[in-house]
Amino acid sequence: MEWINAIVQGVLLGGLYALFATGLSLMFGVMRFVNIAHGDFIIIAAFAAFTLTSLTGMHPLATLIVVAPVLALAGYANQRLILNRTLGKDILPPLLVTFGMSVVLQNLMLEAFTADSRRLQSGALETASFQVIDGLSIGVLPLLVFLVAVAVIWSLQRVFYGTGVGRLLRATSDDQTTVKLMGANNAHIFAIATAIASFVVAIAGVFLAMRTNFDPSIGPARLLFAFEAVIIGGLGNLWGTLAGGILLGVAQNIGAQIDPGFQVLFGHLVFLAIIAVRPEGLFPRIKA
Amino acid sequence: MTDMSVEKPGASVSRATRESKIALPILIVLVVFLAAAPWWAGRADMRLMVEIFYYLVLAQMWNLLAGYAGLVSIGQQAYVGIGGYMLFIGTVFLGVHPLAAVIVAGVAAAILALPSGALLFRLRGPYFAIGAWVLAETFRLIFAQVSALGGGSGMSLPTDIVRSIADGRSAREAVVYWTALGLAVGSVVAVYYLLRSRFGLALTAIRDNEEASGSLGVNAWMTKFSIYIIAAFVTGMTGALIFLQKLRISPDAAFSVNDWTAFVIFMVVIGGIGTIEGPIIGVIVFFVLREFAADWGSWYLILLGTVAIVVMLKAPKGVWGYVAERWGLSILPVARRLDLNSVLDPSRKSRH
């Protein structure tokens, strides 16, 4: 029974990882761009929510009304002002600029919030759970996170396949140059994609802060989890990213069940095994 | 290529530049001067210089990967860590002399790089960069599980092994210093000759156009893979040297992404990626900044990261790239240059 429990909790944890990974997956899908600072932006969202709750006493979930639009705007500005300048055939500028951002952001957060470990208190939601069968209970918060991940991906699919913006984003993903010839403004489209990704980053950050302890240094590890989920699931496929997140969560929880020191290690090993046998991921939709 | 007109008397293809001819004797004198440091430098200065030397090697290797082979990696700390741990495994469990263990560490890192590289090369571009990071983290977590090596808290090098390096503290420090100097000079010379060889020509061809170079018989995969193995070998030796100086190792210190990759990336980017001189300048800039900003704590890293971002956006060739372009300098030239002016206008002799 404890193994079934580990797997079920792993699936729910996978929901959080899918939230981490969705922004990364989306930005790569649209502009073939990998943001090394992705994990640090998640932690910034967590600290933003933390600051808001401690200043105003509002519920952690309510902070999303402020944090998500602010991060989306910041994402748009960051793409327009800085990241767009790094795009091109050379892979060095985007990697090194966002790597620099990652180090700068971590240390700015360290100065602003110290290295103390924090957590967003969400009252009754934190401990609420219900028993499915004897020996297996599901926490309300982990379930909520998982359902939000599904809802976010479902909504994004609706945006991609049902709206004008989505059509532009998909067209850009297929052929940037032609979309430009058709009169679209690539700089704006890229920034829209980053804004949407940052909106999801905000959701991921707030839920991370409610589920686990966080401090300024844990961003890079979240980037690695997000990256693993994207690669395992297959590039350019958001449902695949959800599957990748779930597989990663289950692998980590099975590892933790064997020995607490194996949790993250098992996730990495599953990722390495996937690139050994299927480097394009389980459900790829676009080519790297 | 079949046009023989450039073979007219007066036209010449050369690699040496005027400044490289002047610089060579100066560099040799500098190396001799540095080699004599145990007789003129203080203890603290020598420790600092060892640190500068090993960062120079790490920077040269990262630049060889990213600047010449197009392999941007955020995972080279894997080989620093493996090299460091091989020093401890080799000396404590296999009874190898510490200096021999430095070479053993390099060989072990290169051997581990074979399957690692084959796996990572399945990922392209940015995915290779982060995949390499995942692999380094995997090694860190595995070493943290080995209780014989102290697990997560690590271990110290036993005193009898420290004593076996050389007799007396100053002799030991001199040996570590010479090893570091040897690795630093060796890595610069090795990269210089590597890039001037057929191998370097292949790398340049791949960088300029991978498909076209393939049609001319350059095996891009094999060329890059070889560079990856060479970098792992040298980085592994450097890792052993680093922990020969520190005398204590732990998984977090051995596989630190900040210490062994972030700093190194900043050095190479600021100094000038894709040149041999760039990493040298970058290391100097890094340590000069550090002397000034020693008490700034995290503000130092914020400054360094910001400078690296600005350099990448505004002057992607770094300090040396700017200097070289502005004044047409090349101290360690690896490119062939064609001198046509003497043909076009025999009365004028100038250089481009």
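The values are calculated or read from the model by the stated rules, or taken from the named source; none is laboratory data. Remember, predicted model here, so these are calculated numbers, not experimental data. In this analysis, Cβ positions are derived from the backbone assuming ideal geometry, glycine residues included, and neighbour counts consider all displayed protein chains.
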request  = Count, please, the residues in the range B:281-332 that happen to be within 25 Å of B:GLU19 (Cα to Cα) and among the charged types (D, E, K, R).
outcome  = 3
Condition check for B:ILE229: in a helix (DSSP H, G or I), surrounded by 24 or more Cβ atoms within 10 Å (Cβ to Cβ) and away from chain A (no Cβ under 14 Å) = no
inquiry  = For the list (1) at positive phi; (2) more than 11 Å from chain B (Cβ to nearest Cβ); (3) crowded, with 22+ Cβ neighbours inside 10 Å; (4) not charged (D, E, K, R), I need the number of the one condition that A:LEU247 fails.
reply    = (1)
Residues of the range A:108-120 satisfying the condition of being in contact (Cβ under 8 Å) with a residue 12 or more places away in the chain and either aliphatic (A, V, I, L, M) or facing chain B (nearest Cβ under 8 Å) (or both) = A:MET109, A:LEU110, A:ALA112, A:ALA115, A:LEU120
task = Using the structure shown, decide if A:PHE28 is under 15 Å from the mean Cα position of the chain (by Cα) and crowded, with 21+ Cβ neighbours inside 10 Å.
result = yes
remark   = With criteria (1) within 12 Å of another protein chain (Cβ to nearest Cβ); (2) part of a helix (DSSP H, G or I); (3) at pLDDT below 95, A:GLN257 comes up short on (1)
ask   = Do we find a residue being more than 14 Å from chain B (Cβ to nearest Cβ), under 30 Å from B:ALA129 (Cβ atoms), surrounded by 12 or more Cβ atoms within 10 Å (Cβ to Cβ) and of a type in the set (Lys, Arg) anywhere in the range A:155-175?
value = yes
ask   = Among the residues of the range B:188-197, is there at least one that is without any contact (Cβ under 8 Å) to a residue 40 or more places away in the chain, farther than 20 Å from B:ALA110 by Cβ, out of contact with any Pro (no Cβ under 6 Å at 6 or more places or on another chain) and not small (Gly, Ala, Ser)?
value = no
task = Counting only residues that are within 14 Å of chain A (Cβ to nearest Cβ), farther than 22 Å from B:THR91 by Cβ and under 26 Å from the mean Cα position of the chain (by Cα), give me the helices (runs of 4 or more DSSP H) lying completely in the range B:105-210 with at least 1 of them.
result = B:125-143, B:198-208
message = Given the criteria surrounded by fewer than 24 Cβ atoms within 10 Å (Cβ to Cβ), assigned to a helix (DSSP H, G or I) and within 10 Å of chain B (Cβ to nearest Cβ), does A:LEU235 qualify?
response = no
note = Only one of (1) within 22 Å of A:LEU92 (Cα to Cα); (2) in contact with a Gly (Cβ under 9 Å, 6 or more places away or on another chain); (3) assigned to a helix (DSSP H, G or I); (4) within 14 Å of chain A (Cβ to nearest Cβ) does not apply to B:ASP252, and that is (1)
ask   = Which pairs have Cβ atoms under 9 Å, sit 6 or more apart or on different chains, and link a residue in the range B:307-333 that is farther than 28 Å from B:ILE28 by Cβ and without any contact (Cβ under 8 Å) to a residue 40 or more places away in the chain to one that is surrounded by fewer than 20 Cβ atoms within 10 Å (Cβ to Cβ) and among the β-branched types (Val, Ile, Thr)?
value = B:ILE309/A:ILE82; B:LEU313/A:ILE82
key: Any hit, the range B:50-65, residues being within 30 Å of A:VAL34 (Cβ to Cβ), within 14 Å of chain A (Cβ to nearest Cβ) and not aliphatic (A, V, I, L, M)   = yes
ask   = For the range B:31-104, which helices (runs of 4 or more DSSP H) that fit wholly inside it have 3 or more residues that are surrounded by 15 or more Cβ atoms within 10 Å (Cβ to Cβ), modelled with pLDDT of 95 or more and not aromatic (Phe, Trp, Tyr)?
value = B:43-63, B:77-88
key: Unique residue being in contact (Cβ under 8 Å) with a residue 24 or more places away in the chain, surrounded by 23 or more Cβ atoms within 10 Å (Cβ to Cβ) and not in a helix (DSSP H, G or I) when the list is A:ILE42, A:ILE36   = A:ILE36
task = Working carefully through the options A:PHE225, A:PHE266, A:PHE207, A:PHE199, find the one that is under 20 Å from A:PHE41 (Cα atoms), in a helix (DSSP H, G or I), within 12 Å of another protein chain (Cβ to nearest Cβ) and modelled with pLDDT of 95 or more.
result = A:PHE225
remark   = Filtering the range B:273-307 for residues that are small (Gly, Ala, Ser), buried (at least 20 other Cβ atoms within 10 Å of the Cβ) and closer than 20 Å to B:TYR54 by Cβ leaves a count of 2
query = Quick one: would you say A:ALA62 is more than 18 Å from the chain's Cα centre (by Cα), in a helix (DSSP H, G or I), farther than 30 Å from B:ARG124 by Cα and more than 11 Å from every other protein chain (Cβ to nearest Cβ)?
reply = yes
key: Count of residues meeting criterion [in contact (Cβ under 8 Å) with a residue 12 or more places away in the chain, within 17 Å of B:ARG124 (Cβ to Cβ) and not in a helix (DSSP H, G or I)] in the range A:81-95   = 1
query = Quick check: anything in the range A:147-159 in contact with a helix residue (DSSP H, G or I) (Cβ under 6 Å, 6 or more places away or on another chain) and without any contact (Cβ under 8 Å) to a residue 40 or more places away in the chain?
reply = yes
note = When the range B:258-311 is checked residue by residue, the ones that are at the interface with another protein chain (Cβ under 9 Å from one of its Cβ atoms), on the phi < 0 side of the Ramachandran plot and not in a helix (DSSP H, G or I) are B:ILE273
task = Say whether the condition of being crowded, with 24+ Cβ neighbours inside 10 Å, touching a helix residue (DSSP H, G or I) at 6+ places or on another chain (Cβ under 9 Å), closer than 20 Å to B:LEU119 by Cα and of a type in the set (Val, Ile, Thr) is met by at least one residue in the range B:241-250.
result = no
query = What number of residues within the range B:281-337 are within 15 Å of A:GLY100 (Cβ to Cβ) and out of contact with any helix residue (DSSP H, G or I) (no Cβ under 8 Å at 6 or more places or on another chain)?
reply = 2
